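Each reported figure results from applying straightforward, stated rules to the coordinates on display, with no laboratory input. Keep in mind that what you see is a predicted model, and the values were worked out from it rather than measured. As a convention, Cβ positions derive from the backbone with ideal geometry for all residues, glycine included, and neighbour counts pool all protein chains shown.
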Amino acid sequence: MHASSFQPPPRTLMGPGPADVHPRVLAALARPTIGHLDPAFSAMMEELKGLLRYAFRTDNTLTMPVSAPGSAGMETCFVNLVEPGDKVIVCVNGVFGARMRENVLRAGGTPVVVEDPWGRAVNPSMLEDTLQRHPDARLVAFVHAETSTGACSDAKTLAELARTYDCLTIVDAVTSLGGSPLEVDAWGIDAVYAGSQKCLSCTPGLAPVSFSERALAKVKARQTPVRSWFMDLNLVLGYWQASDCGGGRRSYHHTAPVNALYALHEALVMLAEEGIENAWERHRNNHLALRAGLEALGLEMVVPEPERLPQLNAVAVPGGIDEAAVRSRLLATYNLEIGAGLGALAGKVWRIGLMGWSSRAENILLCLGALGSVLNDMGHSADTGVALSAAQAALGR
Ligand SMILES: *Cc1c(COP(=O)(O)O)cnc(C)c1O
């Protein structure tokens, strides 16, 4: 069998994730592998947990990365917190909310779905209605930043409502962590999961999670064992949390992805250096610049203004334009990746990501210039120069 080393083509990643990974993070990944029980590695793990608490804005002791992608963070929350027979209210306004419902079913729970239109935030009064009609519900689950549509829900209000009705919350923050304000403690969120490859700009494959004391108490009080061996927190914590529980020694659960954790550590060090509020503001300002340019190209945003995510811009495909052909041209000619629509929005929108290290001025100008040029070639006349000036003016503000 003949094969040679894989050399990825140069790309600019402006889709729904992964985002561009900073060279510092790639360099961290290439450092020598050491044992996952080495005391030097344990010290790095402790610092990593502290950095994750900083990013989540929480003091939760149980804050750690799951050794698998964002979807495994989702599953960790559901398999640990949902017991057979538990009624769980799931707010669905896109692809990832629908996956939460599926997770409830597989954990043996009974989902009660609150449906919101795709492209809109979760409606708090519909959640409240459902909470009133289902006083036996134990949990409320929703997606903070719905990457499939670009809608941001009011996580603070939704979590407060859930608490008022004595429900725990499970919140998907895969795309919000590091990109939009997220206050796990101040908003009273009980279980939250994220991903390494979106606004943290790390390589894909890790899922930071955080559980409140209330959530952990529910896990400890389970009548039935967690249905997943790998994700059972009672077992995982023997590795990740030994030192927080009276200084015991870490014990083997699974071999931690040592180098991937170096990379996440580096990505979080960079976030702390920038300051998380500054990162939120950078995402917001760059979104405004991209939006100014897109509108100057004659394109329309899908999500209404107050519900828009800065890091994921859903743009309507103009009539008569083949959306897949545009993406192929952008990739082939400009090495630029943008995302397609998913589910109900497939074929109708592009999803342009400005996540983490991808959220910078040069990417905005590349995207507007490339998109304007491809659209013109395909018969949608657009003034690329005006779009670039509009974005530059917004960037200069
Ligand atoms: C990307 C994403 C996920 C899944 O993360 P993976 O790392 O792809 O498993 C879950 N929820 C949201 C909102 C996402 O954007």
Computed E for Ala27/Val386 - FRET, C-beta separation, R0 35 angstrom, nearest 0.05: 0.30
Order of Tyr193, Tyr165 under a 10 Å beta carbon neighbour criterion, fewest first: Tyr165, Tyr193
Per-pair calculated FRET efficiency, R0 = 30 Å: Asp59 and Arg133 via Cβ, rounded to 0.05: 0.30
Residue exposure sequence - Phe230, Phe56 - by fewest surrounding Cβ within 10 Å: Phe230, Phe56
Mean-position separation - Cα centroids, the stretch 287-307 and the stretch 355-397, in angstrom: 11
Those residues of the stretch 183-200 whose amide nitrogen sits under 20 Å from the label point placed on Ala217, 7 Å along Cα→Cβ: 184-192
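Per DSSP H run of at least 4 residues, take -39500 (n - 2.57); add these up for the chain, divide by its residues and hand me the 222 nm value, nearest 500 deg cm²/dmol.
My calculation for the chain gives -13000 deg cm²/dmol from helical runs alone.
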Globularity ratio of the chain, using Cα Rg and 2.2 N^0.38 Å: 1.00
DSSP-defined beta bridges in the chain - what % are antiparallel, rounded to 5: 50
Burial ordering of Met1, Met126, Met301, Met355, fewest other beta-carbon atoms within 10 Å first: Met1, Met126, Met301, Met355
Estimated inter-spin distance, Ala272 and Arg249, nm [label 7 Å along Cα→Cβ]: 2.8
R0 of 30 Å, Cβ-Cβ distance Ile321-Glu115: FRET efficiency to nearest 0.05: 0.50
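Which entries in Lys198/Lys220; Lys87/Lys198; Lys156/Lys198; Lys49/Lys220 show an alpha-carbon gap greater than 29 Å?
Lys198/Lys220; Lys87/Lys198
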Check: the chain dipole with +1 on Lys, Arg Cβ and -1 on Asp, Glu Cβ, in debye: 640
Chain lengthening between Lys348 and Ala361 when straightened (0.36 nm per residue, less Cα-Cα): 2.0 nm
Percent RCO, i.e. relative contact order, over the chain, from Cα pairs under 8 Å lying at least 6 residues apart: 23
